[in-house]
Amino acid sequence: MKITNARVIVCSPGRNFVTLKIETDEGLTGIGDATLNGRELSVASYLTDHVIPCLIGRDAHQIEDIWQFLYKGAYWRRGPVTMSAIAAVDIALWDIKAKAAGLPLYQLLGGASRTGVMVYGHANGRDIAETTDEVLRYAELGYKAIRAQSGVPGLDKVYGVGRGRLFYEPADADLPSEHDWSTEKYLDHTPKLFDAVRSAIGWDHHLLHDVHHRLTPIEAARLGKSLEPYRLFWMEDATPAENQEAFRLIRQHTVTPLAVGEIFNTIWDCKDLISQQLIDYIRATVVHAGGITHLRRIADFAAMYQVRTGCHGATDLSPVCMGAALHFDLWVPNFGVQEYMRHTDETDAVFPHAYSFDRGFMHPGEAPGHGVDIDEAMAARYPYQRAYLPVNRQQHDGTLWSW
Ligand code: GCO
Ligand code: MG
């Protein structure tokens, strides 16, 4: 089965998405997600200018060879733009292979390991009372695992605090907006948040929290320790992870489980974190970590150290990525949890999909392929709109900080 054509579709039904569509001489087509929040057009160009010319005429069934060709053959390895582009090709080719077999993608990976995929939702509010109410609302919607984020007294804009919707969209401006930050205020506030949330919800639900790369290792250790009484499922991105060794210090001080990896793009980003057992959950996901082909390698490596998966699933990952991730999750033996932030109605209409949510669990559906499509006519009605993620500055002196 030869690849005859491939093209990139950029659309913005509420937020920007980059989608790759691959066509074959047998009439089968497949689509892959290539969305990199705030840098969408770089991946679109990488695909159009450098990847697509190399795809035409290749055998669509040779997923592994094409992956190796795009990874090793570029000479310049890794990086989010390259790996998102490779992922888009990989997801589209798995879609085609599964359609050719007449099977849902998870069957080609090895079949279902579970009846459904436990997902966590995002509860947030401007203060502790609002966040607590939101956590209870998510519990009513059936979620078994809930992430809690709250505004911090004395800080103007804080990561993860939306506006009472079931999603939170951080890429909110034509140029980066600025948030302010105080480690002291955040560290004083967060244990109070979880004290209130646990008292309200009890012990039957998993609770999660995202630090979003803002603490130093010793500060993260202190937070992890102070959250131990509330039995978190995980504390995410407690410190920036360029230096994998940094997690050893956190680990030495706390038994709060650690999750990291939503911005990782290859197995090399988590090699030491996993092999030295410095984390509990790896958050790399299909679109940013080289597709199903590469994520599967990361998961198998992680399994050797009892590290479980917890794929990133914010709204900036398109329904195509969500569909592919759910097939992966249904199969992967060392599954932990899947993040699920709902898309807007416009996005869901542009990307019709077979996956579904029921009482805290999701299922990829039984449609052949990954089960997600794109309505191109509708996509054309939502042209690209430049949108940046915010930046963060220290409140006391304006120093640029990690957002
Ligand atoms: C998460 C993430 C997101 C990111 C976003 C950036 O845990 O869901 O941290 O909220 O900030 O995906 O593009
Ligand atoms: Mg995160």
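The values are calculated or read from the model by the stated rules, or taken from the named source; none is laboratory data. As the structure is a prediction and not an experimental result, all values here were calculated from the model. Here the Cβ positions follow ideal geometry from the backbone for every residue, glycine too, while neighbour counts run over all protein chains shown. Areas reflect the complete protein model, heavy atoms only, side chains present, ligands, DNA and RNA absent. Shrake-Rupley method; radii C 1.70, N 1.55, O 1.52, S 1.80 Å.
Among the residues of this structure, residue 254 does not count as one that is surrounded by 22 or more Cβ atoms within 10 Å (Cβ to Cβ) and of a type in the set (Val, Ile, Thr).
Within region 306-318, the set of residues being buried (at least 23 other Cβ atoms within 10 Å of the Cβ) and either away from ligand 2 (no atom under 15 Å from the Cβ) or on the phi > 0 side of the Ramachandran plot (or both) comprises 307, 318.
In region 268-284, of all residues being in contact with a helix residue (DSSP H, G or I) (Cβ under 6 Å, 6 or more places away or on another chain) and within 15 Å of ligand 2 (Cβ to nearest atom), the one that is farthest from residue 224 (Cα to Cα) corresponds to 284.
The residues of region 348-394 include none that are of a type in the set (S, T, N, Q) and in contact with a helix residue (DSSP H, G or I) (Cβ under 8 Å, 6 or more places away or on another chain).
Checked against (1) in contact (Cβ under 8 Å) with a residue 24 or more places away in the chain; (2) open to solvent by 40 Å² or more (accessible area, probe 1.4 Å); (3) outside the structural domain of residue 179 (by TED's automatic domain parsing), residue 387 passes all but condition (2). The condition (being under 22 Å from residue 336 (Cβ atoms) and at pLDDT 95 or above) is satisfied by just one residue among 88, 112: 112. Could we say that residue 303 is at pLDDT 95 or above, open to solvent by 20 Å² or more (accessible area, probe 1.4 Å) and of a type in the set (A, V, I, L, M) here? Yes, satisfied. In this entry, residue 218 is excluded by the filter for residues that are open to solvent by less than 10 Å² (accessible area, probe 1.4 Å), away from ligand 1 (no atom under 16 Å from the Cβ), of a type in the set (A, V, I, L, M) and at pLDDT 95 or above.
Within region 192-211, being open to solvent by 10 Å² or more (accessible area, probe 1.4 Å) and closer than 18 Å to residue 161 by Cβ holds for 192, 196.
Filtering 120, 75 for residues that are among the aromatic types (Phe, Trp, Tyr) and in a strand (DSSP E or B) leaves a single hit, 120. Where strands (runs of 3 or more DSSP E) sit wholly within region 161-260, those with at least 3 residues that are closer than 22 Å to residue 313 by Cα and of a type outside the set (Val, Ile, Thr) occupy 206-210, 234-236.
Only one entry in 116, 154, 162 is within 16 Å of ligand 2 (Cβ to nearest atom) and either in the same structural domain as residue 17 (by TED's automatic domain parsing) or of a type outside the set (Asp, Glu) (or both), namely 162. State whether the residues of region 136-149 include one that is outside any loop (DSSP other than H, G, I, E, B), more than 16 Å from ligand 2 (Cβ to nearest atom), open to solvent by less than 20 Å² (accessible area, probe 1.4 Å) and under 22 Å from residue 257 (Cβ atoms). There is at least one residue in region 136-149 that is outside any loop (DSSP other than H, G, I, E, B), more than 16 Å from ligand 2 (Cβ to nearest atom), open to solvent by less than 20 Å² (accessible area, probe 1.4 Å) and under 22 Å from residue 257 (Cβ atoms). Condition check for residue 329 on (1) open to solvent by 10 Å² or more (accessible area, probe 1.4 Å); (2) out of contact with any Pro (no Cβ under 7 Å at 6 or more places or on another chain): one failure, at (1).
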